[in-house]
Structures are given as structure tokens and as C-alpha cells.
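Written below as C-alpha cells is the structure these notes are about.
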Amino acid sequence: METLLLPATIESLEACRLFVLEKLQQLDVTREITFKVELVLEEVLTNVIHYAYPESTGEMEIGCSIEADRSFCFVIKDWGVPFNPLERSDPELSDDLSKRQVGGLGIHLVRHMVDELSYQRQDGSNILTFCFHL
């Protein structure tokens with residue numbers, strides 16, 4: 001799997017997006033899949049940038065693969081604060097907007113846009129894998 005390592009900063013978002021889209025364009029995918037991949041990618045990278053390194057700056061690594069079952073997967077790795085989004089409960093969407101707890105909507109969105117999502121904490125890093133069935 002080819003990877004890209006960049007500083008976990010807003011300035012790195014576009015390079016990450018272009019890296020993933022270049023890999024995705026090697027496949028014959030619908031606009032819907034491309035939209036989902038871009039949306040999930042931006043949401044997750046933004047969270048890494050804002051929350052993984054609260055007291056310093058760090059790096060993030062992204063990799064892409066095309067699986068034998070015709071799935072497009074990308075992996076985001078950081079060495080920041082441990083965070084498993086799969087442990088977060090879904091936000092209560094039926095509450096009045098003024099009563100809702102802040103946060104959690106992005107993770108909720110990501111969970112519902114991907115076909116497979118996994119998390120590992122390994123050697124001091126967070127590793128999130130997102131797969132889209134083509």
C-alpha cells in the first residue's frame with residue numbers, strides 16, 4: 001500500500017484529498033462513491049488535525065488500496081491521543097437542536113457512509129480503515 005505522510009495541519013488537507021482521489025480514479029466509480037469518499041476523508045482528517053495532538057503538532061499518514069472484493073479502502077494513521085470512534089454512541093437526533101450535545105455528528109455521518117470501518121490502537125498510533133464496496 002502506497003502511503004503519504006504529512007503534518008497534521010489544515011494545509012495538508014488538499015494534498016491528502018488529491019492523493020486519495022488519484023487512487024480512486026484508477027477505478028470506474030460513480031459520482032456517489034467519489035462524494036462519499038471525499039466527505040468521509042475530510043471529516044476524519046479534520047478531526048485528526050483538530051483533536052489528535054492537543055498540546056503539540058504531529059503527523060498523519062494516509063494509504064489507499066483496492067481490495068480483491070472490489071472495495072476501495074483508505075487508512076488514516078496518527079500518533080496522537082488514543083481515540084476509537086467506534087466506542088462513541090450515536091448522537092440523539094430526535095432531541096430539540098438547543099438540547100443536543102455538541103459533537104458526534106461527524107462520526108455518525110462517517111459510520112453511515114462507509115461499508116466497513118475498523119479501528120486499531122497499535123504501537124502508539126490510531127489506525128482507522130474505511131472501505132467502500134464498489
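The numbers here are math on the coordinates, done by the rules we state, and not lab data. Note that the coordinates shown come from a computational prediction; the quantities given were computed from them, not determined experimentally. Cβ sites come from the backbone with ideal geometry, for glycine too, and all protein chains shown count toward neighbours.
Length, then width, then depth: along the principal axes, the Cα atoms of the chain run 45, 35, 26 Å.
A protection proxy built from the mean count of other Cβ atoms within 10 Å ranks the segments 123-131, 59-67, most packed first, as 59-67, 123-131. Evaluating 6.51 cos²θ - 1.76 cosθ + 1.60 at θ = phi - 60° for every residue in region 41-49, the Karplus couplings come out as 4, 5, 4, 5, 5, 4, 5, 4, 4 Hz, glycine and proline recorded as x. Ellipticity at 222 nm from helices only: DSSP H runs of n ≥ 4 in the chain, each -39500 (n - 2.57), divided by the residue count, give -9000 deg cm²/dmol. Among the GluC sites (Glu not before Pro) in region 1-52, those located in a DSSP loop and surrounded by at most 13 other Cβ atoms within 10 Å of their own Cβ are Glu2.
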